[in-house]
Amino acid sequence: MTEARGGESLVAILDELTDLVTSARAMPMSASALVNRAEVLELIESAKAVLPSQISQADTLIADADAVLDRARREAAKILEKARARAEHLVSEQAVVHAAEQRAEEIVAAAREADDYCDRQLAQFEIDLGAITNQVAAGRARLVERARGRAEKAKLAEEAAAATPPPRVGRAERTSAPTEGEES
């Protein structure tokens, strides 16, 4: 199945793959385990299918955060400009000028809060993406290690087969076989 399994996240799929491998029946006297190939391949395909959607979601989140930040900056710039124009117009009245400056500071503070919010969201996304990247790298490393282990076992089996001496011929078999110079 290549589509995302019921909207699962990549982390959930990798957790399921980990559970499958850790609960697999162990091979006697070996670090290997028997896993259902179809289940493992299905989970890998699910992870491949969900990864682009999660990257797309991350791109959308970043674009949304950038849009919110840009909109907040534009709005803050407009409000600041209006406040400056109004303050210049009312410069003769100290109370009005003071109120305009105070309002401008509040707007700047609100813009800073918007920046801080966007930064926190991006930092959280960076952490999540880092965790996903680490899990994918760890999964791939396990697969490479598993393949390396199988290759080493196959090589050891071939070496063992090559090192085994040929079977010895018994005494009865030697006497019944014609020797050189004898005809059967």
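The values are calculated or read from the model by the stated rules, or taken from the named source; none is laboratory data. Source: prediction; values computed, not measured. All Cβ positions, even for glycine, are placed from backbone atoms using ideal geometry, and neighbour counts span all protein chains on display.
Would you pick out the residues in the range 87-98 that are surrounded by 14 or more Cβ atoms within 10 Å (Cβ to Cβ) and either touching a Leu at 6+ places or on another chain (Cβ under 9 Å) or acidic (Asp, Glu) (or both)?
96, 97 - these are the residues of the range 87-98 that are surrounded by 14 or more Cβ atoms within 10 Å (Cβ to Cβ) and either touching a Leu at 6+ places or on another chain (Cβ under 9 Å) or acidic (Asp, Glu) (or both).
Determine whether residue 136 is in contact (Cβ under 8 Å) with a residue 60 or more places away in the chain and among the β-branched types (Val, Ile, Thr).
It is true that residue 136 is in contact (Cβ under 8 Å) with a residue 60 or more places away in the chain and among the β-branched types (Val, Ile, Thr).
Which numbered condition trips up residue 114, out of (1) over 29 Å from residue 15 (Cβ atoms); (2) in contact with a helix residue (DSSP H, G or I) (Cβ under 9 Å, 6 or more places away or on another chain); (3) surrounded by fewer than 14 Cβ atoms within 10 Å (Cβ to Cβ)?
Here residue 114 meets the rest and fails (3).
So, in the range 131-164, of the ones that are out of contact with any Leu (no Cβ under 7 Å at 6 or more places or on another chain) and among the β-branched types (Val, Ile, Thr), which residue ends up surrounded by the most Cβ atoms within 10 Å (Cβ to Cβ)?
Here the answer is 136.
State all residues of the range 133-166 that are farther than 30 Å from residue 48 by Cβ and of a type outside the set (A, V, I, L, M); if no residue qualifies, say none.
The answer is 155, 158, 159, 164, 165, 166.
What number of residues within the range 34-74 satisfy the criterion of being of a type in the set (D, E, K, R) and either farther than 29 Å from residue 143 by Cα or surrounded by 15 or more Cβ atoms within 10 Å (Cβ to Cβ) (or both)?
Of the residues in that region, 8 qualify.
Yes or no: the range 75-86 includes at least one residue that is part of a helix (DSSP H, G or I), at pLDDT below 90 and surrounded by fewer than 12 Cβ atoms within 10 Å (Cβ to Cβ).
yes
When residues of the range 24-56 are filtered for being in a helix (DSSP H, G or I) and either touching a residue at least 40 places away in the same chain (Cβ under 8 Å) or closer than 17 Å to residue 14 by Cβ (or both), how many remain? Spell out the reasoning first.
Within the range 24-56, the subset in a helix (DSSP H, G or I) is 37-56.
Pick out the ones that are also either touching a residue at least 40 places away in the same chain (Cβ under 8 Å) or closer than 17 Å to residue 14 by Cβ (or both) and you get 39-55.
Residues meeting the conditions: 17.
Just to be sure before I move on: is residue 96 assigned to a helix (DSSP H, G or I), farther than 21 Å from residue 132 by Cβ and at pLDDT below 85 in the structure I sent?
yes
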